[in-house]
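Notes follow the structure.
Bear in mind these aren't lab numbers, they're just calculated from the coordinates by the rules spelled out. Note that this is a predicted model, so its numbers are computed, not measured. All Cβ positions, even for glycine, are placed from backbone atoms using ideal geometry, and neighbour counts span all protein chains on display.
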Amino acid sequence: MRWRNRRQSTNVVKKSGGGRQALGGAGGGGIIFMLIRFLFAKFGIGAIVLLVGGFFALRAIGVDPIGLVMGGNMGGPSASTQSEAPLDQNASEIEQFVAFVLGSTEDVWDQEFKKRGQNYKKPTLNLFTGGVTSGCGYASSAVGPFYCPADQEIYLDLQFFDEMARRFGAPGDFAQAYVIAHEVGHHIQTITGISAQVQRAKQSASKTQQNALQVRMELQADCLSGVWAYHEQKLFGSLEQGDIDEALTAANAIGDDTLQRQAGRRPMPDSFTHGTSEQRKRWFTKGWRSGDMDICDTFSASSL
């Protein structure tokens, strides 16, 4: 992908100190353990029952209780435990590439939203290492890149790109761009109200139905990433031979059925949350070939 000397987004920041370490080095789990020991010694088993009941009550309404113990709002960190800084002239090449891709998505979606008489609200992309606390609570690198609807920001540990190449066999800069564009797709779902509609539908749905709705969410984000690729190429001609294949290889590698087979399990469709490899490739391709975000209505599709 030809990207050097292109505009880079100023909405990329580097998070530091986002791990759950505080109070003399004790993590959030350690703090809870010490609190339980203190309450048991002081007030007996009744206090433990109240604490556990409160824990699950908070979880039920979407609050991260450990995050609250750490001093944040909805799991957010205090200023002393997590800091952030914008990229500067010392940014690494991969950080610059991330800033370019985010900038490209800003250019494309700003134009597409204007066509519809709307303004595009740009997301912030947070780079972190090891773990991070977002508006959705704490997450370790193990969860992979994610988008948080609560703060409307994207979170990415750059080591995931190394894992894509080594573990998933999906190397290449456009595979990385696909991942970022996919998370931006979730941002579009949030600012257009799609995410809120899906969350409401999930409240009265069974677990299987919830998973099926989430699959449609993820496939729509794949399709929107394809729409971005179409317009990036149309506007800037930056794609090179093999770039689309890199994106399709990445989509194939992270399909639910492929991941379950790699884990030594038989694919269980009812448990899928992101779609099969074929579905992910198909919906990215739909967006790439059409450049039309309306074609990404996975919720009305009779077949995925």
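In a fully extended conformation the segment linking A263 and N90 would gain 58.4 nm over its present Cα-Cα distance, using 0.36 nm per residue. Taking other C-beta atoms within 10 Å as the exposure proxy, V101, V12 rank V12, V101 from fewest upward. Taking amide H atoms as placed 1.01 Å from N in the peptide plane, the amide H of E153 lies under 5 Å from those of C148, each 5 or more residues away in sequence or on another chain. If a spin label sat at a point 7 angstrom from the Cα of D270 along the line to its beta carbon, the backbone N atoms of the range 208-227 nearer than 20 Å would be those of 208-216.
The HN-Hα couplings worked out from phi for the range 91-104 by the Karplus form 6.51 cos²θ - 1.76 cosθ + 1.60 (θ = phi - 60°) are 4, 5, 4, 5, 5, 5, 5, 4, 5, 5, 4, 4, x, 5 Hz, whole numbers, x standing for Gly and Pro.
Take the Cβ atoms of Q199 and S300, set R0 to 30 Å, and the FRET efficiency comes out at 0.95.
If you stretched the chain out fully between Q209 and Q118, how much longer would it get, using 0.36 nm times the residue separation minus the C-alpha to C-alpha distance?
On the way: separation 91, 0.36 × 91 = 32.76 nm, distance 3.20 nm.
That pair, Q209 and Q118, stretches by 29.6 nm at full extension.
Computed from backbone phi, the HN-Hα couplings of the range 178-184 come to 4, 4, 5, 5, 4, 5, 4 Hz, rounded to whole numbers (Karplus: 6.51 cos²θ - 1.76 cosθ + 1.60, θ = phi - 60°; Gly and Pro given as x).
Rounded, prolate or oblate: which one fits the range 83-296, using the alpha carbon gyration tensor with axes a ≥ b ≥ c (rounded when a/c is under 1.5, else prolate when a/b beats b/c, else oblate)?
On the way: a/c = 1.21, a/b = 1.14, b/c = 1.06.
The shape class here is rounded.
Placing one equal scatterer on every Cα of the range 198-304 and applying the Debye formula, the log10 ratio I(q)/I(0) at q = 0.17, 0.20, 0.23 Å⁻¹ is -0.80, -1.00, -1.18.
Put a dot 7 Å past the Cα of S140, heading toward its Cβ, do the same for R7, and the two dots end up 4.0 nm apart.
Expressed per residue, the C-alpha convex hull volume of the range 105-174 stands at 102 Å³.
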